[in-house]
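Colleague: My structure is below; once you've seen it, I'll send some questions.
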Amino acid sequence: MTNGNIYIVDDDHAVRDSLQMLLEASGYAVRAFASAQAFLNDVGSLDFGCLIVDLQMPEMDGLELQRQLAERGIKLPTVVVTAHGDVATAVRAMRAGAVDFVEKPFSDEAIHAGIRLGLAERPKPNSADQMRTAIRERLKILSPREREVLDGMVAGHPNKVIAYKLSLSPRTVEIHRARVMDKMQARSLSELVRLALAAGLTPEGAI
């Protein structure tokens, strides 16, 4: 049993590696991401945990990542890290929901203190959380091919387009589609899409 889940988002590989080693040695289950977008791509399948994110990153910074998580209704306690010591940025990060703000170079205790604050905010299970968990369990029983067909369905592609993209016959896609509907316990395409979105799946970039 771990002390909790930690997600590190930092474009500096040296910082990612050192933090991961430190926190895994402290009994946490750690996953590291090199960019905010990489984290967003996987966040729908992640369990509750504390997010450690660098504020200064190319393409999408820590504040923008916080904003996008909020837009998706994803609540992860966040510890923001920066090398710039900008008080104004710290205030913006805290207003956006960060539980702590740590300046680089940081001490081990500063990071551990922020994580303790974050994990203490673990929400109590509610019906929405329970439903999301149930949907993710259904996703796990899909075969890799069924998952590809599901992605195409959620993206709004007709069977012929899915068949072309996956190099399958339309009839084979129909069979996979029926299995997806059955395993996901969806009575209609609209219900399937709602279930997929509730679990954190998005149609962007599907197949």
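The values are calculated or read from the model by the stated rules, or taken from the named source; none is laboratory data. Owing to the predicted nature of the structure, the values given are computational and were not obtained by experimental measurement. All Cβ positions, glycine included, derive from the backbone under ideal geometry; neighbour counts span all protein chains shown.
Colleague: How about region 1-82: which helices (runs of 4 or more DSSP H) wholly inside it have at least 1 residues that are under 24 Å from Asp129 (Cα atoms) and without any contact (Cβ under 8 Å) to a residue 24 or more places away in the chain?
Modeller: Correct list: 36-42, 62-71.
Colleague: Continuing with this model, one more query. For region 5-14, enumerate the residues that are touching a strand residue (DSSP E or B) at 6+ places or on another chain (Cβ under 8 Å) and farther than 19 Å from Ala29 by Cβ. Can you show your working first?
Modeller: From region 5-14, those touching a strand residue (DSSP E or B) at 6+ places or on another chain (Cβ under 8 Å) are 5-12; that's our starting set.
Within region 5-14, Asp11, Asp12 meet the criteria.
Colleague: Any residue at all in region 148-163 that is in a loop (DSSP other than H, G, I, E, B), small (Gly, Ala, Ser) and assigned by TED's automatic domain parsing to the domain that holds Asp10?
Modeller: Taking region 148-163 and keeping what is in a loop (DSSP other than H, G, I, E, B), we get 155-158.
In the following step, the residues that additionally are small (Gly, Ala, Ser) were identified as 155-156.
Now drop any that are not assigned by TED's automatic domain parsing to the domain that holds Asp10, which leaves none.
There is no residue in region 148-163 that is in a loop (DSSP other than H, G, I, E, B), small (Gly, Ala, Ser) and assigned by TED's automatic domain parsing to the domain that holds Asp10.
Colleague: Taking region 8-32 on its own, how many of its residues are under 15 Å from Val80 (Cα atoms) and buried (at least 21 other Cβ atoms within 10 Å of the Cβ)?
Modeller: Our first condition is that a residue be under 15 Å from Val80 (Cα atoms); within region 8-32, this holds for 8-12, 15-16, 19, 32.
If we keep only those that are buried (at least 21 other Cβ atoms within 10 Å of the Cβ) too, we end up with 8-10, 19.
Residues meeting the conditions: 4.
Colleague: Let me ask something else. Since Leu76 meets every condition but one in (1) farther than 19 Å from Glu121 by Cβ; (2) within 14 Å of the chain's Cα centre (by Cα), which condition does it not meet?
Modeller: (1)
Colleague: Going residue by residue through region 86-108, is there one that turns out to be at pLDDT 90 or above and surrounded by 14 or more Cβ atoms within 10 Å (Cβ to Cβ)?
Modeller: No, that holds for no residue.
Colleague: I would also like to ask the following. What residue, among those in region 134-144 that are in a helix (DSSP H, G or I) and in contact with a helix residue (DSSP H, G or I) (Cβ under 6 Å, 6 or more places away or on another chain), is farthest from Leu201 (Cα to Cα)?
Modeller: First pass over region 134-144, keeping only residues in a helix (DSSP H, G or I): 134-140, 144.
Right, trim to in contact with a helix residue (DSSP H, G or I) (Cβ under 6 Å, 6 or more places away or on another chain) and you get 135, 138.
On the way: Ile135: 11, Arg138: 13 Å.
That would be Arg138.
Colleague: Under 6 Å between Cβ atoms, which residue pairs at least 6 apart in sequence (or on different chains) link something in region 97-121 that is assigned by TED's automatic domain parsing to the domain that holds Val30 with a partner that is in a loop (DSSP other than H, G, I, E, B) and among the aromatic types (Phe, Trp, Tyr)?
Modeller: Within 6 Å, no pair qualifies.
Colleague: For region 125-132, does any single residue satisfy the condition of being surrounded by 15 or more Cβ atoms within 10 Å (Cβ to Cβ), in contact with a Ser or Thr (Cβ under 9 Å, 6 or more places away or on another chain), at pLDDT below 95 and not aromatic (Phe, Trp, Tyr)?
Modeller: Within region 125-132 (the criterion being surrounded by 15 or more Cβ atoms within 10 Å (Cβ to Cβ), in contact with a Ser or Thr (Cβ under 9 Å, 6 or more places away or on another chain), at pLDDT below 95 and not aromatic (Phe, Trp, Tyr)), the answer is no, since none of the residues qualifies.
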